[in-house]
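Scroll down for the structure; my scribbles are underneath it.
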Amino acid sequence: MTWDWNWFTPLGHVAVVWPLMIAIAGLLVVRPGGKTSLVGVATWLGAMAVASLLVAASKVAFYGWGTGIREWNLTCFSGHSVLSMAFWPVALALLLPPRLARSRHAACAAGLLIGVLVGVSRVRLNAHPPSEVIAGIALGLLVVSLSLKAMTETCLKAKQTALALALTVMISAWSGIHLPNLPTEHWLGRLGATLAGNEQPVHRHSWLKAEADRKHSNY
């Protein structure tokens, strides 16, 4: 069986993850007794916001100053890997009440699997080398750890769970057809080059070639 790895791309796209995350956070807050979830929801949103900023900052730094680890072909965090790993385990766990601990753990594991598949898809589609996907997954796991710890007693009510599932299906189906092609890499590249005072962003090929030439000259 041959998989089309493009199927997994929307599950880590910013236009899918962030709207779903904000919707679920809103449902948690407005439900009866939802004010008790404010700390957990704020932790999840805050951790995701920081992780997203770290992804952007790592890319701007590379495009501007060529930061990274050449030996690992590591220039930045894979954004899709971070977003999918940080979102799906928490979102699926929140669909089940804390008293169903085993089912909640299974839902979280399913979310982790989604995150891994999205990460693998980025490698198979030549969007990122394995090192950047691994870095993204690690950052996403940190968000999951902080968020689930802050929401051990938090879950969506039955009607909200149905609504959250419906939103997930609708947004995922929409994204598969109308996924916006945001030129984020171009924007980040131009920002990095401008901040560094360069005419053009640093490119991975020339960055790796410079290291190869340096090693060759040392022989």
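Pairs under 6 Å by beta carbon, first residue of a type in the set (A, V, I, L, M, F, W, C) in the stretch 1-24, partner outside any helix (DSSP H, G or I) and surrounded by fewer than 16 Cβ atoms within 10 Å (Cβ to Cβ), six or more apart or different chains? Between residues of the stretch 1-24 that are of a type in the set (A, V, I, L, M, F, W, C) and residues that are outside any helix (DSSP H, G or I) and surrounded by fewer than 16 Cβ atoms within 10 Å (Cβ to Cβ), the close pairs are W5/L125; A15/P180. Within the stretch 86-104, how many residues are among the small types (G, A, S) and out of contact with any helix residue (DSSP H, G or I) (no Cβ under 8 Å at 6 or more places or on another chain)? Residues in the stretch 86-104 being among the small types (G, A, S) and out of contact with any helix residue (DSSP H, G or I) (no Cβ under 8 Å at 6 or more places or on another chain): 2 in total. Looking across the stretch 34-70 at every residue that is charged (D, E, K, R) and in contact (Cβ under 8 Å) with a residue 24 or more places away in the chain, the one that is nearest to V143 (Cα to Cα) is identified as K59. Residues in the stretch 10-69 that are surrounded by fewer than 20 Cβ atoms within 10 Å (Cβ to Cβ), under 21 Å from L96 (Cβ atoms) and more than 21 Å from the chain's Cα centre (by Cα): V29, V30, R31, P32, G33, G34, T36, L38, V39.
Here, each number is a calculation from the coordinates, and none is a lab measurement. Note that this is a predicted model, so its numbers are computed, not measured. For neighbour counting, all protein chains shown are included, and Cβ atoms are generated from backbone atoms with ideal geometry for every residue, glycine included.
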